[in-house]
Structure formats: structure tokens, C-alpha cells
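Here, each number is a calculation from the coordinates, and none is a lab measurement. Predicted model, so just to flag it, every value in this text is computed and none were measured. So basically every Cβ, Gly included, is an ideal-geometry build from the backbone, and we count neighbours across all protein chains shown.
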Amino acid sequence: MALGVDRLACIRGERQLFSDLTFRLAPGEALLLHGPNGSGKSSLLRMLAGFLAPAAGRIVWDGTVPDDEEADGLRGRFCYLGHQDAVKPQLSARDNLVFWARLSGLAAERAEAAADQALDAAGLQRQKRLPSRYLSAGQKRRVALARLLLTDVPLWLLDEPSNALDRAAVDWLGGILAQHRAKGGMVVLASHVPVPLPDARLLELPDGRLT
């Protein structure tokens, strides 16, 4: 499965953030979004997720543009992680992940097993039954990132995923990104700081320069 963007444009309010944006992403590839604040990195990720309509251009899956009836089905092809963690403070880390696993379609027993495995991988075994309000910012971010391990989807859309992570957690993030790509997965990632994403192409916003 491949992703394409043709002459995409974004307008927020009365300001055009970018225009004529074109790129292709094949299985195993990664795209790193760079640019100053307000250049459209988060907006582009939200467009790819279908949360924001482009002002012009189109997003193409496997050479075709999905119609309105197919758009909902595309949500099973990606996992979007915004710059906020979306971790419910009253729930434990485990219950947060079970909720997301059930939402993705897993049955209760499988959801609980998947949540336990994801938290183990994130190094949160000791904290998994704590209410999330007691977790540090870095631990909450690892809970959010552990959502990536709950389902097998081809595209990860990540907005500043290394926020609040220490060096060891950034290394873990690099490992799961590499594993995803090794299986043919794709990554589009926005970050202001270096992230372990070797051989990624670089897209500079707002000018759309691709290297």
C-alpha cells in the first residue's frame, strides 16, 4: 500500500500555510517534516488522517482517490498520534490502552493481552495499574506511543512523538519505528528535535522542498 499527495494546499483562517505540495510514500519509507512553528506540519498530518480538508489537491491511496463512502474505511489504515497524549488521567495506563485496543476492534481478552504486551515493551510494567494522573510527562508519552503497538496498520502519523522522552525512551521509539518500517510500514513524522529515523526523506515546510 502506497500513499501519494498531489498539489496539496492548506489554508487556516485567512492564511495559506503551504500549496502545491506533492510527494509519494512507498512501503518501508519515512518522511520527516521540518519547519518553523505555524508552517503547517500538524495541519498536514491532520489532512493525511482525514481530520482536516485540504484547500486544494488530493490524497491518493494506491493510485486512487477514495470517495466519501470509502473514507471511513481508510481510518483502519493509519494510526495518528497528536502532540497531546490523549491519556485519560482517571484511568490506569493499562485501562487507557485496553480502551484504545477495544476501539480498534479487538475483543476484550485480546485487548487486555495486547495492552499488557505494549506496556511491557514501553517499560511501564510497574506503573501500568496506577491512575495516569500520577505518571510523569515522559511516562504518559510512552503510554500514548504504546498505542502504536496495539494494531497492525500501514501508516503511522506522528506529531512531535519524542516530547518529554528521556534518552532511553527515544531509543525505544527509534526501535519501534525501525520495526514498523522493516515490516513494510510507512511513517510521516513531525519533530523539532532529532529523532532516530534513518534514511528518512526530509520535507521542509512551508516551501514544500523535498530531499
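Which whole number in µm²/s is D for the range 132-211 by Stokes-Einstein, with the Kirkwood Rh taken over Cα pairs at 37 °C and 0.692 mPa s? The calculation lands on 241 µm²/s. Each residue in Thr151, Thr22, Thr211 was given a count of other beta-carbon atoms within 10 angstrom of its own, and listing them fewest first yields Thr211, Thr22, Thr151. Going from the fewest other Cβ atoms within 10 Å to the most, the residues Glu14, Glu204, Glu160 appear in the order Glu14, Glu204, Glu160.
For the range 43-49, putting each phi into the Karplus relation 6.51 cos²θ - 1.76 cosθ + 1.60 with θ = phi - 60° gives couplings of 5, 5, 4, 5, 5, 4, 7 Hz, in residue order, rounded to whole numbers and with x for Gly and Pro.
In nanometres, what is the gap between the two model label sites at Asp120 and Ala53, each 7 Å from Cα along Cα-to-Cβ? Label at Asp120, label at Ala53, 4.6 nm between them. Only helices enter the 222 nm calculation for the chain: every DSSP H run of n ≥ 4 contributes -39,500 (n - 2.57), and dividing by all residues gives -9500 deg cm²/dmol, rounded to 500.
Think of each Lys and Arg Cβ as +1 and each Asp and Glu Cβ as -1; about the Cα centre, that makes the dipole of the chain roughly 700 debye. The mean sequence distance of close C-alpha pairs (under 8 Å, at least 6 residues apart), as a share of the length of the chain, puts its relative contact order at 30 percent. Counting only Cα atoms, the size of the range 1-137 along its three principal axes is 48, 31, 27 Å, in decreasing order.
Note on Asp171 and Ala113: their simple-model spin labels are 3.1 nm apart, each label 7 Å out from Cα toward Cβ.
The stretch between Ala164 and Leu91 holds 24.2 nm of extra length on full extension. This uses 0.36 nm per residue minus the Cα-Cα distance. Residues Lys88, Lys128, Lys41, arranged from fewest to most other Cβ atoms within 10 angstrom of their Cβ, appear as Lys88, Lys128, Lys41. Taking label positions 7 Å along the Cα-Cβ direction at both Lys183 and Ala26, the computed distance is 2.2 nm, reported to one decimal. Can you give the FRET efficiency to the nearest 0.05 for Arg7 and Val193, using r as the Cβ-Cβ distance and R₀ = 35 Å? So the FRET efficiency works out to roughly 0.70. Computed from backbone phi with θ = phi - 60° and the Karplus coefficients 6.51, -1.76 and 1.60, the 3J(HN,Hα) list for the range 21-27 is 7, 9, 7, 10, 10, 9, x Hz; x is used for glycine and proline. Here the Gaussian network model covers the chain, with springs between Cα atoms less than 10 Å apart; of Ala86, Ala169, Ala190, Ala86 fluctuates the most. Measuring max minus min along each principal axis, the C-alpha atoms of the range 76-211 give extents of 45, 29, 23 Å (largest first).
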